[in-house]
Amino acid sequence: MLTDAMKDRIMVALDVNSKTEAFAMRDTLAESVGWLKVGLRLFVAEGPSLISELSKTHHVFLDLKFHDIPNTVAQAIESAGALGVQMVNVHAGGGKPMLEAASQAAKAFPDMLLIAVTVLTSDTMPKDQALKVALERAKLAKNAGLDGVVCSVFEAASIKEACGQDFITVTPGIRWGNQDTQDQKRIADPKMAVDNGSDYLVIGRPILQADSPKQAAEEAASMMSQAQA
Ligand code: C5P
């Protein structure tokens, strides 16, 4: 059965090219997922006006992965907060001063979660090395006052152990059945993701490119609800 709790933990990556396509997908998934993730492609094409429209029906995660000098990142966080998004992110690789500046800027927006990308799930580094780097970066983000991280499913449990159960884990690289892995290297299915401590599952192409995106989203939620965690 599709529970509200599970659907609210799915973030659909709206990696489409126009607001027409974005709104069509939003309408298709209105009842099936809680979050829409707007990334570089869509934001660069359509700009901030799109965000307020999407916010009417869903939580919005602005996935622009800021990585610049501390002052520039802090200003970008302020602009994201002013748009009213519920989640925004930076690259943990930007270092401690950048993370602290971002965290300071985010304090003005208590309803917005600030998270850090640890290691891209497309990165080709071996799993054990990715785990080590992801853990170091997660601790850095935690100490700088961020709310959580983007990581692969394989790192989520260790990160929770090191940074606390309340430290949020957002995991892309979700695939199930015979789906094409495409450019993702460290993939897991929705049940595994929840079993390993993922709070939010980012799912793009498995939903966007499905014959029925709604059915694919509901299948993911149903697999999540089979987890033991
Ligand atoms: O289509 P797919 O499910 O692979 O999409 C994954 C989404 O998650 C993409 O929007 C990608 O930019 C994003 N992402 C990722 N790995 C990260 C951070 C974000 O794949 N570490």
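Some observations on this one:
- A cut-off of 5 Å between modelled amide H atoms, ignoring neighbours fewer than 5 places along the same chain, links A13 with K37, I203, G204.
- Ordering G81, I207, H59 by Cα displacement along the dipole of segment 3-225 toward the positive end leaves G81 in first place; charges were set at the Cβ atoms of Lys, Arg (+1) and Asp, Glu (-1).
- Relative contact order %, the chain, counting alpha carbon pairs below 8 Å whose residues are six or more apart: 20
- Part-to-part distance (alpha-carbon centres) for segment 34-54 and segment 189-229, which is given in Å: 22
- Overall Cα dimensions of segment 3-225 - principal axes, largest extent first, Å: 45, 40, 29
- The charge dipole of segment 123-162, taken about the Cα centre with unit charges on the Cβ atoms of Lys, Arg (+1) and Asp, Glu (-1), comes to about 80 debye, rounded to the nearest 20.
- Packing-based ranking of 212-224, 170-182 yields 212-224, 170-182, ordered from highest to lowest mean Cβ neighbour count within 10 Å.
- In a simple Cβ point-charge model (Lys, Arg +1; Asp, Glu -1; nothing else charged), the chain has a dipole of about 380 debye relative to its Cα centre.
- Once the chain from S225 to S79 is taken as fully extended at 0.36 nm per residue, the excess over their C-alpha distance is 49.0 nm.
- Exceeding the 29 Å Cα-Cα cut-off - candidates K19/K139; K19/K160; K139/K185; K56/K139: K19/K139; K19/K160; K56/K139
- Expected 222 nm ellipticity per residue - DSSP helices of 4 or more, -39500 (n - 2.57), all of the chain, to 500: -13000 deg cm²/dmol
- Protection-proxy order for peptides 80-87, 65-72, 128-135, each taking the mean of Cβ atoms within 10 Å per residue, highest first: 80-87, 128-135, 65-72
Rule-based calculations on the coordinates, nothing more; no lab input. Because the structure is predicted, anything quoted here is derived from the model rather than measured. Here Cβ is always computed from backbone atoms with ideal geometry, including for glycine, and neighbour counts include all displayed protein chains.
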